[in-house]
Amino acid sequence: MAHFTRRRLLAGAGCVAAGVVLAARGGRAKSAAPLEPALPIPAGRSVPLRFTAAERPTALPCFGGHSLPMWTFSEGTWPPVVRIALGDRLDVTLENRLPRADEHTSIHWHGIRLPNAEDGVPYLVQPPVEPGGRFDYSFVPPDTGTFWFHTHCNTVEQLGRGLMGILIVEGDTTAPYDADEIVLLRDWRVDRSAGAFLDFTTKRGVHRAGTYGTVRSANGMDRAPLSLPAGGDCRLRVLNCDPTRVMEIAVEGAEAAVIAVDGIAVPPFALDSWLFPPAARVDLVVRAPPPGRTARLVDRRAEEPLVLADLSGVGAPRPARPFEPAPLRAGRIAEPDLGAAETLPFVFASRADPAALQIDDPLAKIALGSLCRASEEFWSINGESWPGRDHSSLPPPIARLSLGRTYRFTLKNGSQIVHPIHIHGHSFKVLGADLQALPVHHADTVLLLPGETVDVAFVADNPGKWMFHCHVIEHQEAGMMSYLEVT
Ligand SMILES: [Cu+2]
């Protein structure tokens with residue numbers, strides 16, 4: 001197993017406010033064994049699902065005894081978890097019963113490389129689902145792994161109220177793990193004393209790193225208790241479904257390895273810590289502690305390391321052996337032809353005077369420079385802001401790509417705030433970054449540190465109009481959104 005050691009990098013002078021320490025991912029990789037190839041996609045069954053987006057008062061344990069007006073896709077346990085086998089077709093009917101007359105909705109299947117018409121972006125690929133309306137989705141996910149789904153309309157509120165679910169496509173293992181658990185991480189904007197949701201967005205949040213939740217949670221609890229077979233090698237599918245917060249996850253008290261990023265397998269490498277942006281997923285294998293002992297999944301990016309989940313060993317212990325977690329099968333992402341690639345640069349920044357981005361205390365001055373601007377068009381990609389907060393007025397695509405061609409994108413963060421950049425319908429091969437030391441991996445959501453440039457490549461092999469945006473939802477809705485057209 002390769003080892004990636006965690007390094008702390010002090011960012012270059014002037015890049016970051018004094019005292020801010022950035023965590024870097026990765027390090028040096030020993031040569032890792034290649035992954036076993038993906039299996040052919042078998043003929044599966046149809047999996048019919050009916051989701052009704054509606055307000056359902058729900059008392060998640062992390063709400064402190066209060067029942068809050070969550071918006072959810074289904075009755076019962078939150079969130080809905082859809083587990084299907086590779087080859088299965090999802091046949092989903094979405095009905096909109098949200099409680100507001102103008103609250104339209106849709107479902108975006110995050111990370112799934114599906115046909116464009118199923119991608120769930122209103123106006124771009126489908127009409128918005130109006131209150132009382134319906135829409136049918138039907139597709140066969142081509143990749144195994146850990147994914148999720150959420151709306152792509154008024155996302156800051158709809159996701160803020162819980163309108164989301166988890167999608168797991170089975171069929172990627174080479175050997176069974178001793179457990180397979182989900183750890184869903186996100187915050188809530190909740191006033192626990194009043195038992196009410198807080199405003200989901202703030203002007204300050206829009207202009208800075210987003211409006212953070214007031215309540216952290218794992219699987220709807222302050223701290224998730226997971227019972228794992230003692231000494232077993234247990235798969236944890238960890239998802240960051242927060243609209244805003246970048247985490248840095250680590251496991252304390254047990255050995256752990258990363259086996260997949262954003263659903264796609266990587267040769268296993270030891271987890272020291274992993275910067276984990278909104279919308280990202282990481283699959284871990286953790287060696288469960290002996291009976292009666294507990295390890296912890298933590299967020300080290302919090303001011304003090306925050307325990308997200310307690311991992312307890314239960315039952316008769318497995319025999320002692322070296323920690324060599326079984327890898328997953330390789331993904332099915334087409335290999336970019338870098339020799340024939342066209343390179344396109346993208347800069348993610350505020351629309352303020354670019355000179356303002358060079359100053360020493362950028363946070364304050366970006367906010368000052370924004371006072372005369374509508375917050376809806378504060379952020380930009382290559383100097384262009386998406387017009388308006390929703391998708392009803394479509395700009396031209398930010399780039400037109402030729403079907404089948406390899407593209408190399410340089411994703412430059414021209415601001416002092418982190419941006420997780422998400423592409424629909426494709427998965428980037430992440431080649432390298434100038435501030436993070438990263439293993440080569442695939443990702444549909446790529447974290448850009450302040451001032452950083454990340455080099456990615458992909459084959460534009462999925463025709464259609466594909467959103468390309470920041471997944472800090474307030475940044476997305478304030479202009480850092482665009483789309484690519486593949487023809
Ligand atoms: Cu952003």
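The numbers here are math on the coordinates, done by the rules we state, and not lab data. Note that the coordinates shown come from a computational prediction; the quantities given were computed from them, not determined experimentally. Reconstructed Cβ throughout: ideal geometry from the backbone, glycine too, with neighbour counts over all protein chains shown.
Of the residues A196, A288, A250, the one whose Cα sits farthest toward the positive end of the charge dipole of the range 175-314, with +1 on the Cβ of Lys and Arg and -1 on the Cβ of Asp and Glu, is A196. When Lys and Arg each count +1 and Asp and Glu each count -1, what net charge do the other residues less than 9 Å away from D187, Cβ to Cβ, add up to? Local net charge: +3. Rounded to the nearest Hz, the phi-derived 3J(HN,Hα) couplings of the range 275-285 under the Karplus curve 6.51 cos²θ - 1.76 cosθ + 1.60 (θ = phi - 60°) are 6, 9, x, x, 5, 7, 10, 9, 9, 10, 10, where x marks glycine and proline. Each part gets one Cα centre, and for the range 99-131 versus the range 204-258 those centres are 27 Å apart. Applying 0.36 nm per residue to the separation of H66 and A316 and subtracting their alpha-carbon distance, the gain on full extension is 86.2 nm. Its Cα centre serving as origin, the range 175-314 has a Cβ charge dipole (Lys and Arg +1, Asp and Glu -1) of approximately 440 debye.
Between R89 and Y212, the simple spin-label model (points 7 angstrom out along Cα→Cβ) gives 4.7 nm. For the range 159-241, the alpha-carbon coordinates run over 49, 26, 21 Å along the three principal axes, in decreasing order. Out of every Cα pair in the range 175-314, what percent are spaced more than 21 Å from each other? Every Cα pair in the range 175-314 considered, those over 21 Å come to 43 percent.
Seen from every direction in turn and averaged, the convex hull around the alpha carbons of the chain projects onto 22.2 nm².
Report the paramagnetic label zone for T202: residues of the range 162-187 whose backbone N is under 20 Å from a point 7 Å from Cα along the Cα-to-Cβ axis. It comes to 162, 186-187, nothing else. The modelled label-to-label distance for the pair D191/R100, using points 7 Å beyond Cα in the direction of Cβ, is 1.8 nm.
Under the shape rule built on the C-alpha gyration tensor, where the axes satisfy a ≥ b ≥ c, the range 46-170 is oblate, since a/c reaches at least 1.5 while a/b does not exceed b/c. For the range 253-353, the Stokes-Einstein estimate of translational diffusion at 25 °C and a viscosity of 0.890 mPa s comes to 144 µm²/s, using the Kirkwood hydrodynamic radius over alpha-carbon pairs.
Ranking T77, I107, P327 by how far each Cα lies toward the positive end of the dipole of the chain (charges on Cβ) leaves P327 at the top.
Near F73, the amide H atoms lying under 5 Å from its own belong to M164; only residues 5 or more places off or on other chains count, and H is placed 1.01 Å from N.
Only beta bridges with both residues in the range 175-314 are counted; by DSSP, about 70 percent of them are antiparallel.
If we count every other residue with Cβ under 12 angstrom of R318's Cβ, Lys/Arg +1 and Asp/Glu -1, where does the sum land? Summing Lys and Arg as +1 and Asp and Glu as -1 gives 0.
Rounded to the nearest 500, the helix-only mean residue ellipticity at 222 nm of the chain stands at -1000 deg cm²/dmol, with each DSSP H run of n ≥ 4 adding -39,500 (n - 2.57). With a sphere of radius 14 Å drawn around the Cβ of A260, what net charge do the other residues whose Cβ falls strictly inside it have (Lys, Arg +1; Asp, Glu -1)? For residues surrounding A260, the net value is -3. Quick check on the range 124-190: take the gyration tensor over C-alpha atoms, sort the square-rooted eigenvalues as a ≥ b ≥ c, and tell me if it's rounded (a/c under 1.5), prolate or oblate. Verdict is oblate for the range 124-190. Taking every DSSP beta bridge that has both ends in the chain, the antiparallel portion is near 70%.
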